[in-house]
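Below is one structure, written out as structure tokens, with a few remarks after it.
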Amino acid sequence: MPQTYLYIFNYPEEEEDLCKLEVHSMFRSNLPTFVLESSINRDPSRSPFIKEKIDVLFTGDTLEDLLKNIRKMPSVNGTYKVIGINYRDINHLDKMGFQERKEIARQIGCLIPGEANLQHPEVVFAVTKVKGKWFFGYHSENQGLWLKHQQKPHNYSTALPTRVARALVNIAVPELTGIKVIDPCCGIGTVLVEALSMGIDITGSDYNPLVMKGIRENLKHFGLSGSVFLRDIRDIEEMYDVAIVDMPYNLCSVVSEQEKTEMLQCARRFAKKMVIVTTENIDGILNKVGFEIVNRCDVPKGNFIRQILVCN
């Protein structure tokens, strides 16, 4: 049987649609609940919405079936512990009480050949129940890298939140390698930081000379390096697989209809795919310059709504 993975999600209500758009891109699947079973292997720390992940070793229709499978495990290389997991909106029939989780973890731990260490284990296993089916496997948690990226030396009050920026990158670039990406209006570099921290080949540029020093200091602060150019979007000549564009350059900018059209015409010229963030309806302009909107979502923030549009 192919390897399967169990991903457990969490998100604020206002970012539900953003999470589901990210899941659709990264896993080619819908997210009907807070748990997703998939054959696609992703690092849980890539997403701001994946709380934890189980690399499934065994499943069982009953707990006894699961324990029978675990008895066949080879010796664990390193010390280990076992935890029981509930998740958001879990069915009451699947939910394990605190003492029940501890007891089931103890039963499983006694069956695993190797040395248990509850305080500082080298390996963590997890057991959970989804729609009446038991799952057991290696457990990993999200390291919350985007939270660290909130502490940039330079920031704009109107910049994208790091959670949104990280999800935006995952929507634009589900596969990390072999893809050339550009953020042609990169501002203070919020998207660049998230993309470079994932190892993505991304180039940044902006027409504002006042942000160049801040961008480079932000990248250096996190030990990241990438190409950043002072140039107008109209001067970009290289070809890219994906462009990530925050429209307009920031919420305080006043950009005319003609300027928006020119920006998107340029993006159409140098990028095969585009993911756009906008606070205004630009569907007509996108159609005019030859982009097709293939997916979208709204992300509310305070008194305004950001639209995220995926275009081919």
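Could you look through region 208-219, keep only residues that are over 15 Å from Pro184 (Cβ atoms) and touching a helix residue (DSSP H, G or I) at 6+ places or on another chain (Cβ under 8 Å), and pick out the one that is surrounded by the most Cβ atoms within 10 Å (Cβ to Cβ)?
This residue is Asn218.
Criterion first (aromatic (Phe, Trp, Tyr) and farther than 19 Å from Asp55 by Cα) does Phe98 satisfy it?
Considered against the rule, which asks whether it is aromatic (Phe, Trp, Tyr) and farther than 19 Å from Asp55 by Cα, Phe98 comes out as yes.
So, in region 135-164, how many residues would count as being at pLDDT 95 or above and in contact with a strand residue (DSSP E or B) (Cβ under 9 Å, 6 or more places away or on another chain)?
Residues flagged as at pLDDT 95 or above and in contact with a strand residue (DSSP E or B) (Cβ under 9 Å, 6 or more places away or on another chain) within region 135-164 amount to 9.
What pairs come out if I take residues in region 295-307 that are touching a residue at least 40 places away in the same chain (Cβ under 8 Å) and under 13 Å from Ala167 (Cα atoms) and pair them with residues that are of a type in the set (D, E, K, R) and in a strand (DSSP E or B) whose C-beta lies under 7 Å away, six or more apart or interchain?
Note: pairs meeting the criteria are Val299/Arg306.
Within region 111-139, how many residues turn out to be of a type in the set (Ser, Thr, Tyr) and buried (at least 16 other Cβ atoms within 10 Å of the Cβ)?
1
Here is a list: Gly132, Gly114. Which entry is modelled with pLDDT of 95 or more, small (Gly, Ala, Ser) and over 30 Å from His221 (Cβ atoms)?
Gly132
Please count how many residues of region 189-207 are among the aliphatic types (A, V, I, L, M) and surrounded by fewer than 24 Cβ atoms within 10 Å (Cβ to Cβ).
Final tally of qualifying residues: 3.
For Ile244, indicate whether it is over 19 Å from Tyr156 (Cα atoms) and buried (at least 20 other Cβ atoms within 10 Å of the Cβ).
Considered against the rule, which asks whether it is over 19 Å from Tyr156 (Cα atoms) and buried (at least 20 other Cβ atoms within 10 Å of the Cβ), Ile244 comes out as no.
Mind checking which residues of region 1-33 are assigned to a loop (DSSP other than H, G, I, E, B) and surrounded by fewer than 18 Cβ atoms within 10 Å (Cβ to Cβ)?
Result: Met1, Pro2, Gln3, Thr4, Asn10, Pro12, Arg28, Ser29, Asn30, Pro32, Thr33.
From the list Tyr80, Tyr87, Tyr156, which residue is assigned by TED's automatic domain parsing to the domain that holds Thr279 and of a type in the set (Ser, Thr, Tyr)?
Going through Tyr80, Tyr87, Tyr156 in turn, just one is assigned by TED's automatic domain parsing to the domain that holds Thr279 and of a type in the set (Ser, Thr, Tyr): Tyr156.
The values are calculated or read from the model by the stated rules, or taken from the named source; none is laboratory data. If you're wondering where the values come from, they're calculated on a predicted model, not measured in any experiment. Note that each Cβ is placed from the backbone with ideal geometry, even for glycine, and that neighbours are counted across all protein chains shown.
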